[in-house]
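The values are calculated or read from the model by the stated rules, or taken from the named source; none is laboratory data. Keep in mind that what you see is a predicted model, and the values were worked out from it rather than measured. No Cβ is skipped: glycine too gets one built from the backbone with ideal geometry, and neighbour counts run over all protein chains shown.
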Number of protein chains: 2
Amino acid sequence: MRRFTIGLIGLGTVGSGVIQLIRSRHRYVQDKYGVDLQIKTVCDLKIDPKFKRTLGQTAYTKDFRTILNDPEIDVVTELIGGHHPALEIIQGALKNSKHVVTANKAVISNCGRELFRLAHKMERGIYFETAVLAGVPIIKTIAEGIAGNRYNGLYGIVNGTCNYILSEMETNKLGFNEAVKLAQAKGYAESDPTLDINGMDSAHKLAILVSLAMGKFLRVQDIHTEGITHISKEDLYYADEMGLTIKLLAIAKKKGQVIEVRVHPTLISRKHPLASVKGVNNAVLLEADAVGDVLLVGQGAGQMSAASGVFSDLINLAIANADTDRTWIGDNPVEIEQLGLRSMDEIETEFYIRLMVLDRPGVLSRITGILGKYGISIASVTQKAVSKNTAVPLVMLTHSAKERAVRLALKKIGQLKAVKARPVAIRMEEL
Amino acid sequence: MRRFTIGLIGLGTVGSGVIQLIRSRHRYVQDKYGVDLQIKTVCDLKIDPKFKRTLGQTAYTKDFRTILNDPEIDVVTELIGGHHPALEIIQGALKNSKHVVTANKAVISNCGRELFRLAHKMERGIYFETAVLAGVPIIKTIAEGIAGNRYNGLYGIVNGTCNYILSEMETNKLGFNEAVKLAQAKGYAESDPTLDINGMDSAHKLAILVSLAMGKFLRVQDIHTEGITHISKEDLYYADEMGLTIKLLAIAKKKGQVIEVRVHPTLISRKHPLASVKGVNNAVLLEADAVGDVLLVGQGAGQMSAASGVFSDLINLAIANADTDRTWIGDNPVEIEQLGLRSMDEIETEFYIRLMVLDRPGVLSRITGILGKYGISIASVTQKAVSKNTAVPLVMLTHSAKERAVRLALKKIGQLKAVKARPVAIRMEEL
């Protein structure tokens, strides 16, 4: 199996998440993808002594050049963020014929074009799934998932802090400042949240998405950018009255050979799927010309979501590097996890049960008696109409119950004379 | 540039869509992906004479063996559907060392394991993005986009016919039979819709998703499958009263080392993003253990969505086959389309405008006068409170107006003595 050797620069939250994933899933990745991910060296200016003791065979250095100059290292993972020296690290890695994985939206949005040229020249890959929507694979979706399509429009909720603040203002009627404080208390906003709430973070991400989807490299300063600081809870209330909601959207539209790009608070219909993207969730709606509208939603921030994006990039690069052919089912179509299959009888869900019953004394008691006998406990019962002569609907919700018990109970209930149609049972899922 | 030679079997709706995409985007794919897609031979038992005349250099055959035995053909695209001879075509192609692209959910769900083994042995790829959710890239997302994650759950609305019927029953209070007829009239249901409405189509797709996401190969007959024929519009009405809606869900959950799989109508909260997936749209919610919940929504059926999936598979296979290194930005990071950038001043949207105004005679007339002077037409005006002494909110919606006009008008309006705070303007988008 081909070994893929990693140098990892930046041991912050995301970096330690990546190390955790690589270590805990080493065997799983070998079995499933046919590649052997090894972290040879990690680098940061400081390292927690406790963490250092867990490194084992992995070397630690304060000097990123140690990694750039190591001929054994296949890929440099840059997770320090910011412009310098991240840019120099990425350039240096490519020049030394190493692949690059980075989560750095500032560098990719500002210097992407030059870096992609350099990567192309050096015949090396630069993967950056995590730069937009963290591990939610929007980059891969645009670049490969919907290959060959052109994009007419792109609408993104790409900043979780802003979306959380607006959601709180709408749902819990908080004022803007209160919502910011709550976001900070929950760890969803920095102590200085400026770059989030003024829209700049969204503008960086929009520049990256537009370069991929529309093949246009933008300077971030060319993107009209407004934040959410001028939005009041009253605006959200009035919007709601009109069936609308307010989201900070990153927007790109193509009309003919001209595109427009902008980041600003935007009124959209409450019925649109983007309106249901709440809290710190992120989403991008792509208007692709062949496949149609595609919406991708997920946790666009957080340690493990970001670490997952970096981990996924490393696996995909390793596969491409190892030049293994593989089906999507894994390197070798074996059942790695050897999962068992639960029988339907044993599955437990809550149920909605609708019975058509004659409205007579004692009927409800017989029905609930049967349910009780099978251990099915009832959360609510409503009779939906009154009629002496015809059957009326009786609607019940149950607590969690086993499939087999419900099936047997309904069979008994269906045999009652007062029950006039086959009982309808619909399972409920809390998603 | 490496040529990638295609043999295409099945000239139905999807097949002709694929041919259209390959031909109309030939140059675009060369420029962007660095690969040269060529259809050498097409095959079907019948061919429309008009269509035949448009084939040009492309050969036509009635015998699929002509394609399987042609050493120049790199990839066989199987679009005839059904079990036989689709299975023999796919096996034959792999045995003859050809890659395979297929949209065939029956074959992949029933014979996937054997076919993946064969592909692995022959070191050839078998791509099948279109088998689930047509061109919406759920296969690629599970297999590569979220690499290295394990999945704890998976919830899919994977049959557009059923989702359309349930949506119509809910929104327009149609009975089940009426809704089926409407779906047929609109082309969303077959004249015999059995395999859609009995859930079997969903079960096939669930088997494919589970094999990818959970590494478990299921027999379709092991999936508990219920359709939607027993659901009444009253059930949807009662569900709605409880804040719920009913969707036909394909469900897989992993608990420990056991999975449960089932297809049945399911009550879910109306607030959940899956509840907002209406009409013929499809969606899959993935519960991934590192990245968290990821939701993908799009048009899971239709000629061009399906053709897009096949086209995307062909491009991705061609790239893998050509062994070109490439960044996600395209083979060569040039701006293929040379798009212009619209200045913010020229962008047109509708606006929500909130002014804090003193409630005095003549104020509204002065404000609307200024808006009119700048060519901004008003869709609605509401004064949100009454007060003699303090400023009250005045909320207006405009028709589509140019950014520059709105900016200049609001500057003037902001200078009026009766306007007590900086005007708030929020753009509106119809998505």
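Yes or no: A:Glu129 over 25 Å from A:Tyr188 (Cα atoms), under 19 Å from the mean Cα position of the chain (by Cα), crowded, with 18+ Cβ neighbours inside 10 Å and of a type outside the set (A, V, I, L, M)? If you could, list the steps in order and put the result at the bottom.
Numbers: over 25 Å from A:Tyr188 (Cα atoms): no; under 19 Å from the mean Cα position of the chain (by Cα): yes; crowded, with 18+ Cβ neighbours inside 10 Å: yes; of a type outside the set (A, V, I, L, M): yes.
When the stated conditions are applied, A:Glu129 does not pass them.
Do any residues in region B:46-69 that are in the same structural domain as B:Leu21 (by TED's automatic domain parsing) have Cβ atoms under 9 Å from those of residues that are basic (Lys, Arg) and surrounded by 14 or more Cβ atoms within 10 Å (Cβ to Cβ), where the two are at least six apart or on different chains, and which pairs are they?
Hits for this filter: B:Gln57/B:Lys40; B:Thr58/B:Lys40; B:Ala59/B:Lys40; B:Ile67/B:Lys40; B:Ile67/B:Lys98; B:Leu68/B:Lys98.
If we keep just the residues of region A:113-128 that are more than 7 Å from chain B (Cβ to nearest Cβ) and among the hydrophobic types (A, V, I, L, M, F, W, C), which is nearest to A:Ala143 (Cα to Cα)?
Result: A:Phe128.
Do we find that B:Ile231 is outside any strand (DSSP E or B), assigned by TED's automatic domain parsing to the domain that holds B:Asn159 and surrounded by 23 or more Cβ atoms within 10 Å (Cβ to Cβ) in this structure?
Numbers: outside any strand (DSSP E or B): yes; assigned by TED's automatic domain parsing to the domain that holds B:Asn159: yes; surrounded by 23 or more Cβ atoms within 10 Å (Cβ to Cβ): yes.
It is true that B:Ile231 is outside any strand (DSSP E or B), assigned by TED's automatic domain parsing to the domain that holds B:Asn159 and surrounded by 23 or more Cβ atoms within 10 Å (Cβ to Cβ).
Any idea which residue in region B:262-288 is farthest from the other protein chains (Cβ to nearest Cβ), counting only those that are in contact with a Ser or Thr (Cβ under 6 Å, 6 or more places away or on another chain) and part of a helix (DSSP H, G or I)?
Our first condition is that a residue be in contact with a Ser or Thr (Cβ under 6 Å, 6 or more places away or on another chain); within region B:262-288, this holds for B:263, B:270, B:273, B:275-276, B:278-279.
Add one more test, that the residue is part of a helix (DSSP H, G or I), and what stays is B:273, B:275-276.
Numbers: B:Pro273: 5, B:Ala275: 8, B:Ser276: 5 Å.
If we take residues in region B:262-288 being in contact with a Ser or Thr (Cβ under 6 Å, 6 or more places away or on another chain) and part of a helix (DSSP H, G or I), then B:Ala275 is farthest from the other protein chains (Cβ to nearest Cβ).
What are the residues in region B:236-265 that are touching a residue at least 60 places away in the same chain (Cβ under 8 Å) and either among the polar types (S, T, N, Q) or not assigned by TED's automatic domain parsing to the domain that holds B:Gly279 (or both), if any?
Across region B:236-265, the qualifying residue is only B:Thr245.
Being of a type in the set (A, V, I, L, M, F, W, C) and either more than 7 Å from chain A (Cβ to nearest Cβ) or surrounded by fewer than 24 Cβ atoms within 10 Å (Cβ to Cβ) (or both) is the filter here, so list the residues in region B:132-145 that pass it. Step through it out loud before you land on a result.
Pass one, region B:132-145, residues of a type in the set (A, V, I, L, M, F, W, C): B:132-134, B:136, B:138-139, B:142-143.
Within region B:132-145, B:Val132, B:Leu133, B:Ala134, B:Ile138, B:Ile142, B:Ala143 qualify.
Let's see how each residue does on (1) under 24 Å from A:Val132 (Cβ atoms); (2) modelled with pLDDT of 95 or more:
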site: B:Arg270; (1), (2): no, no
site: B:Glu287; (1), (2): yes, yes
site: B:Ala307; (1), (2): no, yes
site: B:Leu314; (1), (2): no, yes
site: B:Arg326; (1), (2): yes, no
site: B:Asp345; (1), (2): no, no
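In this structure, does B:Asp44 turn out to be surrounded by fewer than 22 Cβ atoms within 10 Å (Cβ to Cβ) and at pLDDT 95 or above?
Details: surrounded by fewer than 22 Cβ atoms within 10 Å (Cβ to Cβ): yes; at pLDDT 95 or above: yes.
So B:Asp44 fits the description; yes.
How about region A:289-301: which of its residues are at the interface with another protein chain (Cβ under 7 Å from one of its Cβ atoms) and buried (at least 20 other Cβ atoms within 10 Å of the Cβ)?
First pass over region A:289-301, keeping only residues at the interface with another protein chain (Cβ under 7 Å from one of its Cβ atoms): A:290-299.
Listed by number, the residues that qualify are A:Ala290, A:Val291, A:Gly292, A:Val294, A:Leu295, A:Leu296, A:Val297, A:Gly298, A:Gln299.
State whether the residues of region A:102-117 include one that is of a type in the set (Asp, Glu), farther than 18 Å from A:Val132 by Cβ and modelled with pLDDT under 95.
Filtering region A:102-117 for residues of a type in the set (Asp, Glu) gives A:114.
Filter once more, so that each one left must be farther than 18 Å from A:Val132 by Cβ: A:114.
If we keep only those that are modelled with pLDDT under 95 too, we end up with A:114.
Taking every residue of region A:102-117 in turn, at least one turns out to be of a type in the set (Asp, Glu), farther than 18 Å from A:Val132 by Cβ and modelled with pLDDT under 95.
With the checklist (1) touching a helix residue (DSSP H, G or I) at 6+ places or on another chain (Cβ under 9 Å); (2) without any contact (Cβ under 8 Å) to a residue 40 or more places away in the chain in hand, flag the one item A:Ser380 doesn't pass.
Result: A:Ser380 fails condition (1) only.
Go through region A:239-253 and give me each residue that's over 30 Å from A:Asn172 (Cα atoms) and buried (at least 23 other Cβ atoms within 10 Å of the Cβ). Walk me through it before giving the result.
Of region A:239-253, the ones over 30 Å from A:Asn172 (Cα atoms) are A:252-253.
Passing the criteria: only A:Ala252.
Quick one: in region A:151-177, of everything that is buried (at least 24 other Cβ atoms within 10 Å of the Cβ) and of a type in the set (Gly, Ala, Ser), which residue is nearest to A:Met214 (Cα to Cα)?
Among residues in region A:151-177 that are buried (at least 24 other Cβ atoms within 10 Å of the Cβ) and of a type in the set (Gly, Ala, Ser), the one nearest to A:Met214 (Cα to Cα) is A:Gly156.
Which residues, counting only those in region A:352-366, are out of contact with any Lys or Arg (no Cβ under 6 Å at 6 or more places or on another chain) and closer than 14 Å to A:Ala425 by Cα?
Scanning region A:352-366 gives A:Tyr352, A:Ile353, A:Arg354, A:Leu355.
Among the residues of region A:385-418, write down those that are touching a helix residue (DSSP H, G or I) at 6+ places or on another chain (Cβ under 7 Å) and outside any strand (DSSP E or B). Let's see the steps before the verdict.
Here is the first cut: in region A:385-418, the ones touching a helix residue (DSSP H, G or I) at 6+ places or on another chain (Cβ under 7 Å) are A:393, A:395, A:402-404, A:409, A:412-413, A:416, A:418.
Result: A:Glu403, A:Arg404, A:Ala409, A:Lys412, A:Ile413, A:Leu416, A:Ala418.
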